[in-house]
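Report on one structure; see the data block that follows.
The values are calculated or read from the model by the stated rules, or taken from the named source; none is laboratory data. Given the structure is predicted, the values throughout are model-derived calculations rather than measurements. No Cβ is skipped: glycine too gets one built from the backbone with ideal geometry, and neighbour counts run over all protein chains shown. We work out accessible area using only protein heavy atoms, side chains counted, and drop any ligands, DNA or RNA first. Shrake-Rupley method; radii C 1.70, N 1.55, O 1.52, S 1.80 Å.
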Amino acid sequence: EFVEGGGAFMVIGGSRSFEFGQYENTPLEALLPVNLESEAASTSRELAAKFKPMLSDVARYHPILRLLPDEEENRQLFKTLPLLDGLNRSVGLKSSATPLLMHPELKNKSGDPLPVIALNEVKEGRTMSILTDSMWRWNFVQSGNGGDAHAYNRFFTSAISWLLQDPEMTPLRINLEPQSPREGEEVKARLTIADPSYRPRTDHPFRLLVMRLDDPTDSQSEQAVMEITDRKSGVEGVASVSFVPPGAGVYRVVVEAEFGSRKLSSDR
């Protein structure tokens with residue numbers, strides 16, 4: 001029911017709840033971004049030590065960790081955030097998972113850094129694992145040091161929006177100019193094509209559809225009146241397409257792109 005209905009949940013690890021919670025081989029573990037194994041549990045002191053998490057390769061693109069609009073300022077912010085402490089050890093990430101934050105020193109048996117925050121998409125559902133219970137330090141410790149709780153609040157607001165599949169957080173972006181054109185006026189669509197991990201894709205094919213709603217009271221009356229399929233994205237996934245809507249009416253512009261077995265879409 002979870003995966004077919006587009007459900008979402010966030011699992012935050014208490015002190016050692018992932019390791020000792022006996023979730024291995026349960027329906028819950030099947031949905032988590034990380035693999036669990038009872039033999040991975042330990043009482044090592046290194047798991048309780050303070051650490052500064054590393055940003056994964058995809059973290060610079062993912063909206064959950066875009067705590068400040070400017071990329072460089074955002075990177076500098078992570079360097080100043082209070083240290084975290086305590087980590088639930090996992091065997092590693094599932095092949096479908098996306099890591100956001102990793103431990104700077106601790107690794108699994110394969111030599112990969114242990115995940116601190118990871119995401120997973122299972123059919124229509126989304127899950128998120130936070131394998132530490134010290135995220136509060138970004139709030140209280142940061143405020144106590146003279147900072148503010150912006151990073152903490154923005155992180156959880158964005159995380160919930162991503163889990164709930166907020167349309168504003170789609171990897172495909174469309175900006176139209178003008179948004180309300182006159183009849184016969186050219187519309188310029190500026191697109192950003194990014195994969196499911198939000199990494200911009202250069203030279204990637206996409207499809208643009210212009211849909212017209214013949215009867216505003218009946219959504220079933222919508223039909224495609226224009227289809228552009230011979231375009232690819234440019235540098236950093238940016239593309240521009242110009243078109244003239246065929247007559248007055250109510251229109252919707254849709255962009256679609258495929259990444260392996262995944263098909264993404266966005267509309268305006």
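Here are the numbers for this structure:
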| quantity | calculated |
| --- | --- |
| For segment 174-244, projected area of the alpha-carbon convex hull averaged over all directions, nm² | 5.7 |
| Expected 222 nm ellipticity per residue - DSSP helices of 4 or more, -39500 (n - 2.57), all of the chain, to 500 | -3500 deg cm²/dmol |
| Formal net charge of residues neighbouring L81 (Cβ-Cβ distance under 10 Å; K, R +1; D, E -1) | +3 |
| P(r) of segment 54-141 over all Cα-Cα pairs, binned every 5 Å from zero, in whole percent | 3, 13, 22, 25, 21, 12, 4, 0 |
| Pair K123, S261: separation of 7 Å Cα→Cβ label points (nm) | 1.3 |
| V250 versus M169: modelled label distance in nm, points set 7 Å from Cα along the beta carbon direction | 2.9 |
| Stretch gain in nm, segment E222-L28, where the contour uses 0.36 nm per residue and the Cα spacing is subtracted | 65.8 nm |
| Accessible area per residue in Å² at 1.4 Å probe, computed on segment 150-264 | 57 |
| Portion, in percent, of the accessible area of the chain that falls on carbon or sulfur, probe 1.4 Å | 48 |
| Trypsin sites (Lys or Arg not before Pro) restricted to segment 90-162 and DSSP loop, no more than 13 other C-beta within 10 Å | K109, K123 |
| Separation of the E183 and W136 label points, Cα + 7 Å toward Cβ, nm | 6.4 |
| Highest-first arrangement of 22-29, 112-119, 202-209, where packing means the average Cβ count within 10 Å | 112-119, 202-209, 22-29 |
| Among (1) 20.8; (2) 24.5; (3) 18.7, the entry derived from the coordinates for Kirkwood radius over Cα pairs in Å | (1) |
| Anchor K188: aspartates and glutamates whose Cα lies under 16 Å away (excluding residues fewer than 8 positions away in-chain) | E177, E227, D267 |
| Segment 141-247: GluC sites (Glu not before Pro) falling in loop per DSSP and having at most 11 other Cβ within 10 Å | E183, E185, E186 |
| Segment 69-122 versus segment 232-268: alpha-carbon centroid distance in Å | 33 |
